[in-house]
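*Asks:* Have a look at this one.
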Amino acid sequence: MSEPVSRDIFGVLPDGRAVERITLRGEAGFAVSIITWGAAVQALWAPDRNGQSDDVVLGHDTLEPYLARRDFFGATVGRYANRIAGAAFTLDGVRHELDANDGGNTLHGGADGFDRLLWTVEGIGYDPIPSLTLSHTSPDGAGGFPGALAVRVHYRLTGPQELTIAFEATADRPTILSLTHHGYFNLGGAVPGGDILDHELTLFANRYLPVDAGLVPLGVPAGVAGTPFDFRAPRTIGGAIRADDEQLQRARGYDHCFVLADEVSSAAQLAARVVDPASGRALDLITDQPGLQFYSGNFLDGGSGGKGGRLHRQSDAFCLEPQAWPNAPNRPDYPSARLDPGSVYRHSTTFRFHTV
């Protein structure tokens, strides 16, 4: 019988530091491997309706491709997930200039976000459940963000085929923060599966945030009713992805934040369900965040070789990224992403796998 937790060296950085891989094992072939580079989920094995386990997340078999190209495969994203318009924000009357790494905007923390850092293994456990804690201390001014930040990410197998990722952070001065897990999922399997256009998606959201040409939210949320963004009842991802719709044209598909709540809350809710009819695998996503970014893999271009020698191309995977609303630091009408000294940032998301 396999050990509930194992640990090995995944690769070595150019400066000689080792990147570790920690694998947590559940039941019926369910397992999750996390690497310390980018605090990334490198592999996630889940059984299909016949009991066959496949790796259902995009990524790489070795370290070098993670270093060579920034694709965010399975990474922890921060300090601020998604986009901040104009690569700047004002907090308490002080303007903070950030890295502009997405046109004139800041994306996923800037040029050296949390996905480009080596995290520290703080704790590994298996009693009563397999778990891993990674930590990182971000200095004041990193990427232009104010405040020294102490961050921990906890990975726990909270059910037989269930991964919970919980973030917590504290700061020594007022700052903004929005962390997320940037997993690319294909429930048919990262290597054997086709595209994800036949996956059936349900999003438990009545509204979403339309975006401008730079994929920054325009302003107030819009209703999904009568649009290609209405996933309140199950429908295939590809069913309307080629509709003549300006929002789909701007993002080359779906790359939009769906509104789960109008304020930050600690109450977790079922936010999304995805089913792959071919394999029978299903994923439920439960989170306490006010927004959920749905991305249909529009910019995968085959430029990054994946596992088993497969190239990742458009619509080979989908992302569901629980987070604060994009550009909230510049939008006082959005739920606040502020973190003050003495407060603790908390964010928990559960990925529950099952079969149908």
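*Asks:* What's the number of the condition ARG49 fails, among (1) under 28 Å from ALA142 (Cα atoms); (2) among the basic types (Lys, Arg); (3) over 20 Å from the mean Cα position of the chain (by Cα)?
*Replies:* The number of the failed condition is (1).
*Asks:* Just to be sure, is ASP301 charged (D, E, K, R) and modelled with pLDDT of 95 or more?
*Replies:* no
*Asks:* Give the range 240-265 a look and list any residue that's free of Cβ contacts under 8 Å to residues at least 12 places away in the same chain and under 13 Å from SER315 (Cα atoms), or say none.
*Replies:* Answer for the range 240-265, where residues must be free of Cβ contacts under 8 Å to residues at least 12 places away in the same chain and under 13 Å from SER315 (Cα atoms): just ARG242.
*Asks:* Same structure, new question: Could you check the range 92-130 and list, in sequence order, the residues that are in contact (Cβ under 8 Å) with a residue 12 or more places away in the chain, part of a strand (DSSP E or B) and out of contact with any Leu (no Cβ under 7 Å at 6 or more places or on another chain)?
*Replies:* Within the range 92-130, VAL94, HIS96, GLU97, ASP102, ASN105, LEU107, GLY125 qualify.
*Asks:* Select, from VAL264, VAL191, VAL220, the only residue that is assigned to a loop (DSSP other than H, G, I, E, B), farther than 30 Å from THR106 by Cβ and among the hydrophobic types (A, V, I, L, M, F, W, C).
*Replies:* VAL191
*Asks:* Please go through the range 225-254 and pick out each residue that is in a loop (DSSP other than H, G, I, E, B) and in contact with a strand residue (DSSP E or B) (Cβ under 6 Å, 6 or more places away or on another chain).
*Replies:* Listed by number, the residues that qualify are PHE229, PHE231, PRO234, ILE237, TYR254.
*Asks:* Being part of a strand (DSSP E or B) and surrounded by fewer than 19 Cβ atoms within 10 Å (Cβ to Cβ), is that true of even one residue in the range 68-89?
*Replies:* yes
*Asks:* Scan the range 307-324 residue by residue and report those that are in a loop (DSSP other than H, G, I, E, B) and either surrounded by fewer than 24 Cβ atoms within 10 Å (Cβ to Cβ) or in contact with a Cys (Cβ under 6 Å, 6 or more places away or on another chain) (or both).
*Replies:* If the condition is that a residue be in a loop (DSSP other than H, G, I, E, B) and either surrounded by fewer than 24 Cβ atoms within 10 Å (Cβ to Cβ) or in contact with a Cys (Cβ under 6 Å, 6 or more places away or on another chain) (or both), then ARG310, GLN314, SER315, ASP316 are the ones that fit.
*Asks:* Quick one: which of ALA100, ALA111, ALA150 is buried (at least 17 other Cβ atoms within 10 Å of the Cβ), more than 17 Å from the chain's Cα centre (by Cα) and aliphatic (A, V, I, L, M)?
*Replies:* That would be ALA100, the only listed residue that is buried (at least 17 other Cβ atoms within 10 Å of the Cβ), more than 17 Å from the chain's Cα centre (by Cα) and aliphatic (A, V, I, L, M).
The values are calculated or read from the model by the stated rules, or taken from the named source; none is laboratory data. Just so we're clear, the structure is a prediction, and the values are computed from it rather than from any experiment. Using ideal geometry, Cβ is built from the backbone for each residue, glycine included, and neighbour counts are taken over all protein chains shown.
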